[in-house]
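What follows is a short report on a single structure.
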Amino acid sequence: MASNENTESKTYLPAGMPAPEPTRDGLDREFWEAAKRHELVVQKCNSCGTFQFAPEWICHKCHTLDLKWHRVSGAGRIYSWERVWHPAHPALKSACPYIVVVVELPDAANVRMVGNLLGNPKIDVAFDAEVEAIFEDHPEGFTLIQWQIAPR
Amino acid sequence: MSEFTIKDKTAIAGLGETQYYKRGAAPVSEFRLALEAIQRAADDAGIPVTAIDGIASYSNDRNDSIRVATALGLPELRFTNMFWGGGGGGGSGAIGNAAAAIVAGFATCVVVYRALAQGQFGRFGATPSMRTISGPIAYTWPYGMSTPAQWIALRTRRFMYDHHITQDPLAAIAMACYHHAQSNPRAIMYGRPLTRQAYDDSRWIVEPFHLYDCCLENDGAAAVIVTSADRARDLKQKPVYIMASAQGSDFRQGAAAENGPDYATSNFKTLAPRLYAMAGIEPRDVDVAQVYENFTGAVMTSIVEHGFCRPDEVMDFCTFENLTAPNGKLPINTSGGNLAECYMHGLELIIEAARQVRGTSTCQVKDAEISMVVSGPMVAPVSDLILRR
Ligand SMILES: [Zn+2]
């Protein structure tokens with residue numbers, strides 16, 4: 001069985017995956033800090049309202065440098081998905097298969113995020129299925145944004 | 001015709017390849033392989049290697065231009081250029097840059113090369129083991145989404161969903177490449193035909209890609225000599241004229257965490273019209289195409305974006321019969337390509353496109369006049385190329 005069904009592990013993928021750190025220039029510090037507070041934030045332009053993820057230093061639409069972090073609800077929709085069978089990273093050797101999803105955020109102009117779909121990795125995922133963000137705290141001190149099918 | 005075009009002003013005059021090896025099996029260093037391929041391309045053109053005065057490459061080639069120029073004793077290096085971006089996106093663009101340098105008068109004879117020895121260096125398909133990561137990769141790698149196979153599978157899946165496409169076109173593309181390799185003794189997969197059953201039975205790498213949907217990883221080197229059309233006519237080989245080349249990217253295709261607005265594009269929607277306009281031809285004029293197969297899904301979307309069929313026609317168009325030489329509507333990857341000949345980051349595809357124009361392919365398309373190359377689909381930037389007799 002895949003180790004992501006192992007009850008000892010509280011994280012979807014096993015320990016040993018690369019840990020995300022904010023960039024040294026500070027661009028995405030607030031994203032990772034918010035995740036630790038169990039808040040999901042994306043960039044929003046103070047001038048024209050354009051949403052951006054991943055973060056940039058400038059609004060790609062109106063080119064102001066005046067961007068802020070905007071908290072979203074955590075509601076998402078499956079835009080694409082895949083089941084990974086080949087472990088590209090040594091930590092994944094006993095973790096396959098697992099499911100990667102691309103999720104659109106309808107309350108942030110459908111910017112997308114990548115995550116895992118929690119639960120049985122053998123299921124077929126429906127496109128456009130509604131999902132919700134789950135904050136997965138890791139012992140190393142960072143928090144990942146994961147997704148699960150939203151309760152009807 | 002606009003003064004600002006490279007159309008028909010330059011030609012491919014020389015082709016050079018080392019033997020192609022399985023990954024890690026090259027008996028000599030990567031740099032030596034590069035030198036051997038360049039020497040062979042010069043020999044093929046019938047020029048001394050010291051006639052080379054320009055160097056263009058792509059995909060962060062490790063074999064520095066100045067090191068190559070020094071080793072070969074080039075009297076005067078007049079043009080040195082690297083196409084940005086990884087993977088195979090810059091293959092056609094490097095040829096285009098070589099042509100542009102010649103038209104601009106920067107150089108007279110430019111070599112484009114690529115060398116790979118993965119025993120000496122690392123693998124492409126494996127993810128480096130870093131303890132912490134930052135920036136764009138931090139939004140994907142912790143979720144086990146770190147390889148080209150994984151991002152191209154996600155985009156292919158969406159395209160298949162949007163256009164009601166089954167596994168069949170992907171299988172047909174893989175089988176066409178393997179079929180062509182059976183006539184090519186240089187091919188790594190020569191003597192190893194692929195049946196649909198074997199395709200279906202092969203392990204998943206990442207759905208919807210089986211093992212056979214994914215490129216090889218190999219050792220070897222390839223080189224192409226580009227010079228002015230006038231000069232090429234006086235050289236040993238029949239000139240392969242460079243009709244057109246385009247390079248670049250669509251709107252915000254570099255947006256991290258899968259945020260390219262046109263999600264499932266092969267990234268040729270803005271390039272293909274420019275390419276055809278420069279060449280002054282239409283898709284129906286193309287006799288044969290070499291389409292970079294990092295993964296079959298990106299070949300499928302490239303065929304669509306170069307106008308050979310609409311998305312809703314993929315199931316009918318992308319069949320084994322249509323994609324195979326000599327009689328298919330659009331024979332692709334007639335040497336076996338990245339899937340079955342050798343993964344030389346697509347420079348071997350450019351060499352095969354030139355062979356088709358010369359009439360020397362092992363899967364020759366009858367009377368092939370116009371030969372296309374598509375480099376690096378679903379990466380950014382990408383490039384493409386049209387050659388003619
Ligand atoms: Zn703005």
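The values are calculated or read from the model by the stated rules, or taken from the named source; none is laboratory data. Being a predicted model, the structure only gives us computed values, none of them experimental. A quick note on method: Cβ atoms are made from the backbone with ideal geometry, for glycine too, and the neighbour counts reach across all protein chains shown. Quick note on the areas: whole protein, heavy atoms, side chains included, nothing else; ligands and nucleic acids left out. Shrake-Rupley method; radii C 1.70, N 1.55, O 1.52, S 1.80 Å.
Structure summary
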item	result
Karplus (6.51, -1.76, 1.60) ³J(HN,Hα), θ = phi - 60°, over the stretch A:89-106, in Hz, Gly and Pro reported as x	10, x, 5, 9, 3, 10, 9, 8, x, 9, 10, 9, 10, 9, 10, 8, 9, x
Chain B: most fluctuating residue of B:Glu321, B:Glu352, B:Glu217 per GNM, C-alpha cutoff 10 Å	B:Glu321
Fluctuation leader among B:Ala368, B:Ala198, B:Ala246 - chain B, Gaussian network, Cα springs under 10 angstrom	B:Ala198
Highest to lowest packing among A:39-50, B:35-46, B:15-26, B:149-160, scored as the average C-beta count within 10 Å	B:149-160, B:35-46, B:15-26, A:39-50
10 Å Cβ neighbours from other chains, averaged over peptide B:253-262	5
Angle between chain B longest axis and helix B:296-305 axis [Cα atoms, degrees, rounded to 10]	70 degrees
Equivalent ellipsoid dimensions for the stretch A:2-149 as semi-axes, Å, which come from the Cα gyration tensor, largest first	29, 18, 13
Accessible area in the full protein assembly, largest first, 1.4 Å probe, for B:Met175, B:Met315	B:Met315, B:Met175
Highest-fluctuation residue, B:Val68, B:Val365, B:Val28 considered, GNM on chain B with Cα pairs under 10 Å	B:Val28
Average accessible surface area per residue within the stretch A:2-149, 1.4 Å rolling probe, Å²	44 Å²
Student exercise, the stretch A:2-149 dipole from Lys, Arg, Asp, Glu Cβ charges, in Debye to nearest 20	140 debye
Pairwise centroid distance, computed over Cα atoms, of the stretch A:75-152 with the stretch A:9-24, Å	14 Å
In Hz, Karplus ³J(HN,Hα) per residue of the stretch B:201-206 (6.51, -1.76, 1.60; θ = phi - 60°; x = Gly, Pro)	7, 6, 5, 6, 8, 8
Stokes-Einstein diffusion coefficient of the stretch B:1-116, Kirkwood radius over Cα pairs, 20 °C, 1.002 mPa s, in µm²/s	146 µm²/s
Chain A, relative contact order [Cα under 8 Å, separation at least 6], %	22 percent
Convex hull volume of the protein assembly as shown per residue (C-alpha atoms, cubic angstrom)	155 Å³
Amide proton proximity set for A:Leu40, modelled H, under 5 Å, gap of 5+	A:Val72
Other-chain or far-sequence residues with amide H under 5 Å of A:Ala19's (modelled H)	B:Thr132, B:Ile133
At R0 = 45 Å, FRET efficiency that the Cβ-Cβ distance of B:Asp262 and A:Glu132 yields, to 0.05	0.95
Exercise: per-residue mean of other protein chain Cβ atoms within 10 Å, B:129-136	6
Dipole magnitude (debye, nearest 20) for chain B, charges at Cβ of Lys, Arg, Asp, Glu	560 debye
Relative pair counts by distance (%), Cα atoms of chain B, 10 Å bins	5, 25, 36, 25, 8, 1
For the pair A and B, total buried accessible area rounded to nearest 100 Å², probe 1.4 Å	3500 Å²
Shielding by partners, peptide A:53-65 (average Cβ within 10 angstrom, other chains)	2
Rounded percent of accessible protein surface that carbon and sulfur make up, the protein assembly as shown, 1.4 Å probe	51 percent
